[in-house]
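See structure below.
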Amino acid sequence: MIIIGAGGHGLSLAYHLVKKGVKDIILVEQSRIGYGSSSRNASRFRYHFYSKENIEFALEGIKYLISQKKELKYNPLIYKTGYLWLLHDENLIESFKKLHSLWSSYSIGGKFLECREFEFLKVNGTCYFAPQDGAFHHDYILYSYYEEIKDKVDIKYAKVSKILHNNGKITGIKLESGEEIKDDVVIVTAGVWSGELLKTANINLPIYPDRKEIFITEDVKFGIKPLVIDFKREIYFSHTLKGEIIGGIEKEDIGFKEFSISFL
Ligand SMILES: Cc1cc2nc3c(=O)[nH]c(=O)nc-3n(C[C@H](O)[C@H](O)[C@H](O)COP(=O)(O)OP(=O)(O)OC[C@H]3O[C@@H](n4cnc5c(N)ncnc54)[C@H](O)[C@@H]3O)c2cc1C
């Protein structure tokens, strides 16, 4: 079979298929291992999503992530730091009361507290703290998978330009170089590029890139333990164990240049 994309999903799939004894896997990557989002993210995990489906998925996923610690070559350094939400108004507090009962029904309830209890925050008001959430080192997971499969999977560094098909059946892929590889199983784990690639097989899925900004500072003294989510300013940020402050902004039209984090 052919897997397109060596990000977290493609590598994990290849790793687990090899473990099950599947042979003749070709993994095609246009650039390098983890070139997409899998090596450029905030490295956080959380249970505290806003729908039952996501919570249940997270409960299983995180259990599996923790169990992988024993199996992987590199330690993914999983640590629980918590998530902290700044609740700026009564509406948000009301929404979080409902979420709190949902989360409590899964035994992952957090607590409401004064934001000032966190010394690094110069903010008055109510916050919600979920201590169960945390962080891990995504690169160690990617490279653990890579180490396990590199001699068992045919990894090709090339860009796939087309998924080949005939009479409604998948027949292989075409690379940018013009080379064709025949196979009746093609799995697309190409991240945000998946939508474009699938169109070449006449499959329309609503997968498209959505540009986000992420910032990272130089190392500063460790002080921000949880990941902080601020809905009003539409940002999130946290502190890595190494010492960088890392965060993202949702409002793409504003950008960090015009954005102040003076409340820290
Ligand atoms: C800024 C940011 C912060 C994030 N923070 C978090 C977080 O804290 N916690 C969390 O759980 N998730 C986070 N995410 C989401 C997470 O990183 C992604 O969901 C995950 O990495 C997606 O993995 P993937 O393997 O599907 O895609 P990717 O990692 O993007 O991999 C796709 C791969 O396919 C390859 N590819 C694409 N097209 C082709 C082609 N035509 N031919 C050959 N190869 C191709 C690419 O080069 C790439 O290597 C964040 C994402 C971003 C962008």
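Taken together, the values in this text are just the output of simple stated rules run on the coordinates, not laboratory data. The model shown is predicted, which means the values in this text are computed figures rather than measured ones. Glycine gets a Cβ as well: all are built from the backbone with ideal geometry, and neighbour counts include every protein chain shown.
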*Label point at residue 244 placed 7 Å out along Cα→Cβ; residues across region 138-157 whose backbone nitrogen lies under 19 Å*: 138-144
*Summing Lys, Arg as +1 and Asp, Glu as -1, what charge do residues with Cβ under 14 Å from the Cβ of residue 142 carry, residue 142 excluded?*
0
*Relative to the longest principal Cα axis of the chain, at what angle does helix 52-68 sit, 0 to 90 degrees, rounded to 10?*
70 degrees
_Suppose the chain between residue 220 and residue 154 were pulled fully straight at 0.36 nm per residue; how much longer would it get relative to their current alpha carbon spacing?_
19.5 nm
*Count of lysine pairs in region 57-143 with Cα atoms under 15 Å apart, counting only pairs 8 or more residues apart in sequence or on different chains?*
4
*So between residue 231 and residue 124, what do we pick up on full extension, going 0.36 nm a residue minus the alpha carbon distance?*
37.0 nm
_Descending Cα extents along the principal axes, region 121-264, whole Å_ = 63, 36, 28
*Note the angle between two axes, namely the Cα long axis of helix 8-19 and the longest principal axis of the Cα atoms of the chain, as a number of degrees from 0 to 90, rounded to the nearest 10.*
60 degrees
*With axes computed from alpha carbons, what is the tilt in degrees of helix 90-105 against the longest principal axis of the chain, rounded to the nearest 10 within 0 to 90?*
60 degrees
*Sort region 5-52 into rounded, prolate or oblate with this rule: let a ≥ b ≥ c be the square roots of the eigenvalues of the Cα gyration tensor; rounded if a/c is under 1.5, and if a/c is not under 1.5, prolate when a/b is larger than b/c, oblate otherwise.*
oblate
